[in-house]
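Worksheet: one structure, shown below.
The values are calculated or read from the model by the stated rules, or taken from the named source; none is laboratory data. This is a predicted model, so every value here is computed, not measured. Every residue, glycine as well, gets a Cβ built from its backbone with ideal geometry; the counts of neighbours run over all protein chains shown. For accessibility, only protein heavy atoms count, side chains too; no ligands or nucleic acids. Shrake-Rupley method; radii C 1.70, N 1.55, O 1.52, S 1.80 Å.
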Amino acid sequence: GTITYKFIPEAFIRAYCEAWKSRDPYFLIIEEINRGNCAQIFGDIFQLLDRNNKGYSEYPIVCSPDVQNHLKDELGQMDRLDEYERLTKVKDFSKMTLPNNMSILCTMNTSDQSLFPMDSAFKRRWEWQYIPINYDDAAKFNIDLGEEGSFNWGELIKAVNEKIKEHTQSEDKQLGNCFVS
């Protein structure tokens, strides 16, 4: 008959704690980061994305009491405790800073206009890498149309993409090799 509330750590906090408890590389992978409002999703964590030349967050953030209590339980006995306290300048886990062995990798479909745009302050905190269309991978697939015959997926998207690029002057609108599966 008693209602209680308990802090449940989600993906970011779980990865954060595991990275601090280890020296091995840890990766948090976010699929299609622009599907949500990044400012609302990241909140204060946004500030942690600025890294110093050793890979740690340049500006620690203040934790909520729930997160602070969880961090005490999870990290209070870790081998890297001195390092954590030196970087956050606190001994009570009231602040967070990203460890140098934690990376956040994201994918993004730049052509999906129905999604949230990202502001330049958020974008500049990331290294960007364009992944080109892999026509060799696409050429491995033939689409069977039954009695109508078949066509090669790679040849089709290459022809369609030439027209899209010619019309839009942009690579963003082209079909990718994994557009269908």
Worksheet entry | Subset of the range 90-108 (residues that are open to solvent by 60 Å² or more (accessible area, probe 1.4 Å), in a loop (DSSP other than H, G, I, E, B) and modelled with pLDDT under 95) | 108
Worksheet item: From the residues in the range 29-67 that are outside any helix (DSSP H, G or I), over 15 Å from residue 97 (Cβ atoms) and not polar (S, T, N, Q), which one is least open to solvent (accessible area, probe 1.4 Å)?
Response: 36
Worksheet item: Do any helices (runs of 4 or more DSSP H) lying entirely in the range 118-181 carry at least 1 residues that are farther than 28 Å from residue 33 by Cα, and which ones are they?
Response: 153-168
Discussion item. Looking only at the range 139-157, count every residue that is more than 22 Å from residue 172 (Cα to Cα), open to solvent by less than 70 Å² (accessible area, probe 1.4 Å) and either in contact with a Ser or Thr (Cβ under 7 Å, 6 or more places away or on another chain) or not small (Gly, Ala, Ser) (or both) and tell me the total.
Written reply: 3
Response to the item:
residue 81 meets each of (1) within 24 Å of residue 12 (Cβ to Cβ); (2) in contact (Cβ under 8 Å) with a residue 12 or more places away in the chain; (3) surrounded by 12 or more Cβ atoms within 10 Å (Cβ to Cβ); (4) not hydroxyl-bearing (Ser, Thr, Tyr) with one exception, condition (2)
Discussion item. List the residue pairs whose Cβ atoms are under 9 Å apart, where the first residue sits in the range 49-64 and is within 16 Å of residue 19 (Cβ to Cβ) and among the hydrophobic types (A, V, I, L, M, F, W, C), the second is part of a loop (DSSP other than H, G, I, E, B) and at pLDDT below 95, and the two are 6 or more positions apart or on different chains.
Written reply: 49/125; 49/126
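Among 87, 71, which is the only one that is touching a Ser or Thr at 6+ places or on another chain (Cβ under 7 Å), under 25 Å from residue 41 (Cβ atoms) and surrounded by 14 or more Cβ atoms within 10 Å (Cβ to Cβ)?
Selected residue: 87, the only one of 87, 71 that is touching a Ser or Thr at 6+ places or on another chain (Cβ under 7 Å), under 25 Å from residue 41 (Cβ atoms) and surrounded by 14 or more Cβ atoms within 10 Å (Cβ to Cβ).
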